[in-house]
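S.K.: Right, I'll just put the structure down here and ask away after.
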Amino acid sequence: MISRIDLRGEALPEGSALRDLLPRAEFDVEAALEKVRPICEDVRHHGAAAVIDYGEKFDGVRIERLRVPAEELRRALDELDPAVRAALEESIRRARLVHRNQRRTTHTTQVVPGGTVTEKWIPVDRVGLYVPGGRSVYPSSVVMNVVPAQEAGVEGVAIASPPQKEFGGLPHPTILAACALLGVDEVYAAGGAQAIAMFAYGTRSTADEPGCAPVNLVTGPGNIYVAAAKRLLKGRIGIDAEAGPTEIAVLADSTADPVHVAADLISQAEHDPMAASVLVTDSEELAAATEAELKTQVAASKHVDDRIVPALAGRQSAIVLVDGLDEGLRVVDAYGAEHLEIQTRDAAAVADRVRNAGAIFVGPWAPVSLGDYCAGSNHVLPTGGCACHSSGLSVQSFLRGVHIVDYTRDALADVAHHVVTLAEAEDLPAHGAAIKARFGWKVPESK
């Protein structure tokens, strides 16, 4: 069901050579670009009509309007299962606690007497948040996108989620209910590349409904076509990341419970047939016990044939055997998992040694599922090894740091000769002239 990669007995290679030995899903965003390019151009020129046409083509339902009426949001919340509402409210509460502490404060540095640089954090004006549809419903992604945007102070928040034939062309009602709980009333029944293009280019208002104003930033996970549209339109819009298939890596030793390990590998495999589930261990006994548990637990699971088995049996999933914990840490750092669980002795100390991961889950009582919903952390995380250079979604994702430079005449005079010298060293004499002009073309001597 799941393959093995045995890296024991020899010194591990460095850098990309080690990464190349590890399992990874094929996710060719570049190839998808040519498929989404005409879609995005169509939306650019034909607006809402094109988005509706593509919704009919890809989602199988023809809708009359893109924007979800306010009464549908209220109805979805009113009809929401009370237990689901309570769970969403607790998820929101915990996410707010964590993300509120991520807020940045304005800070002024006095560089010299009379010369200061202030860093001011300004939220983007308007964001488009994408919430996937398809195989599963993700109200949790509404929470994970909206909460940091709101805590950052973003004033304009719009959400797009694919229309669902089962619900008359509206997004899934649980998604609508989550939007209502968070106070977001601008919601569009739009999915895929066409939704990203709608956010980038906007749509015109009509007599029947207001248009979607263009946004500054688009965040949220999606399929390969959403990722390709983000890449294509980056520059016109800011993006959080090009999210690929979800991943879990578990670094475990002989103290780990194979029941827990197998359950956690399966929990990611049920997302998608391209999902990656990787166990890295120095224990042959744990590897064998986990393989046995996978067979037992998979047989009792839902989504077995269409998601779990293809994901576990795919090239992106494996049990990786290593000589020891140090080698295991090198492997998980090379892999750079979206989600990394540490199930070892002294798990907190081991977790502190990890450098590359989207989020780290410490010990047997912090499974990835907790982070997906109610840990307070964010589950929009870098995939495909991007954790070596990128972070998960946070309040910072929605802020821009702006430097405010304030110098007096004396403070400028004190450094003017250095500025002129550097300008001339770079053969940019007009830069120096801009300083000289303030002092009658004679640069003051340094004090």
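Each reported figure results from applying straightforward, stated rules to the coordinates on display, with no laboratory input. Only a predicted model underlies this, so the values are computations on that prediction, with no experimental measurement involved. Virtual Cβ from ideal backbone geometry, glycine too; neighbours counted across all protein chains shown.
S.K.: Could you tally the net charge around Gly401, taking each other residue with its Cβ under 10 Å from the Cβ of Gly401, Lys/Arg +1 and Asp/Glu -1?
M.R.: +2
S.K.: Are there trypsin sites (Lys or Arg not before Pro) in the stretch 1-46 that DSSP marks as loop and that have at most 15 other Cβ atoms within 10 Å, and which are they?
M.R.: Arg8
S.K.: Taking R0 as 41 Å, what's the FRET efficiency between Asp185 and Thr118 from their Cβ-Cβ distance, rounded to 0.05?
M.R.: The formula returns an efficiency of 0.70 here.
S.K.: Contact order normalised by length for the stretch 247-403, with contacts defined as Cα pairs under 8 Å and 6 or more residues apart; what percent is it?
M.R.: After rounding, I find 24 percent.
S.K.: Now for a different question. Below 8 Å, C-alpha to C-alpha, sequence gap of six or more: please give me the relative contact order for the chain in percent.
M.R.: 21
S.K.: Right, here's the next one. Would you grab the residues whose amide H sits under 5 Å from the one on Arg103? Only those 5+ places off in sequence or on another chain, please, with H modelled 1.01 Å from N.
M.R.: For Arg103, no residues qualify.
S.K.: From the square roots a ≥ b ≥ c of the eigenvalues of the alpha-carbon gyration tensor of the stretch 152-248, which class results: rounded (a/c under 1.5), prolate (a/b over b/c), or oblate?
M.R.: rounded
S.K.: Mind running the shape call on the stretch 281-396? Use the C-alpha gyration tensor, a ≥ b ≥ c as the square roots of the eigenvalues: rounded below 1.5 for a/c, prolate if a/b tops b/c, oblate otherwise.
M.R.: oblate
S.K.: Given a 10 angstrom Cα cut-off, can you work out which residue in Gln343, Gln110, Gln316 is the most mobile in a GNM of the chain?
M.R.: Answer for the Gaussian network model of the chain: Gln110.
S.K.: Label Ser369 and Ala11 with points 7 Å out from Cα along Cα→Cβ: what is the distance between them in nm?
M.R.: With each label placed 7 Å out from Cα toward Cβ, I get 4.3 nm.
S.K.: While we're here: Check each of the GluC sites (Glu not before Pro) in the stretch 330-437 and keep only those in coil by DSSP with at most 15 other C-beta atoms within 10 angstrom; list them in order.
M.R.: Glu426
S.K.: Amide H of Ile239: which non-local residues (sequence gap of 5 or more, or other chain) have their own amide H closer than 5 Å, using H built in the peptide plane?
M.R.: Amide H to amide H, under 5 Å and 5 or more residues apart or across chains, Ile239 pairs with Val218.
S.K.: Considering amide H positions built from the backbone, and no H for Pro or chain starts, which residues 5 or more places from Asp257, or on another chain, come under 5 Å of its amide H?
M.R.: none
S.K.: While we're on this one: How would you rank Asp264, Asp53, going from fewest to most other Cβ atoms within 10 Å of each one's own Cβ?
M.R.: Going from sparsest to densest Cβ surroundings: Asp53, Asp264.
S.K.: Tell me which of Ala269, Ser377, Asn216 sits at the most positive position along the dipole axis of the chain, charges placed on C-beta atoms (Lys, Arg +1; Asp, Glu -1).
M.R.: Checking the options against the dipole of the chain, the answer is Asn216.
S.K.: Using the Cα centre of the chain as origin and beta-carbon charges of +1 (Lys, Arg) and -1 (Asp, Glu), tell me which of Ala227, Ala149, Val405 is placed farthest towards the positive end of the dipole.
M.R.: Selected residue: Val405.
S.K.: Oh, and also: Using a Gaussian network model of the chain whose springs link C-alpha atoms within less than 10 Å, name the residue from Ile239, Ile435, Ile122 with the highest mean-square fluctuation.
M.R.: Ile435
S.K.: What trypsin sites (Lys or Arg not before Pro) in the stretch 129-208 are in a loop by DSSP, with at most 11 other Cβ atoms within 10 Å of the Cβ?
M.R.: Arg204
S.K.: For the stretch 162-319, what log10 I(q)/I(0) values come out of the Debye formula at q = 0.11, 0.19 1/Å, with one point per alpha carbon and no solvent?
M.R.: With no solvent term, the Cα-only Debye profile gives -0.62, -1.12.
S.K.: Between Rg and the Kirkwood Rh of the stretch 379-447, both from Cα atoms, what is the Rg to Rh ratio?
M.R.: Reported Rg/Rh (Cα atoms, Kirkwood Rh): 1.33.
S.K.: Determine the shape class of the stretch 82-208: with a ≥ b ≥ c the square roots of the Cα gyration tensor eigenvalues, call it rounded for a/c under 1.5, and otherwise prolate if a/b is greater than b/c, oblate otherwise.
M.R.: oblate
S.K.: Among [x] 74, 55, 33; [y] 64, 57, 41; [z] 84, 67, 42, find the value of Cα extents along the principal axes in Å that was calculated from the structure presented, and write down its label.
M.R.: [z]
S.K.: Return the whole-Å distance between the Cα centroid of the stretch 193-256 and the Cα centroid of the stretch 38-96.
M.R.: 14
S.K.: With each run of n ≥ 4 DSSP H residues scored as -39500 (n - 2.57), what mean residue ellipticity at 222 nm is computed for the chain after dividing by its residue count and rounding to the nearest 500 deg cm²/dmol?
M.R.: -12500 deg cm²/dmol
S.K.: Also, I was wondering about something else. Using +1 on the beta carbon of Lys and Arg, -1 on that of Asp and Glu, and nothing else charged, what's the dipole of the stretch 36-179 about the Cα centre, debye to 20?
M.R.: 440
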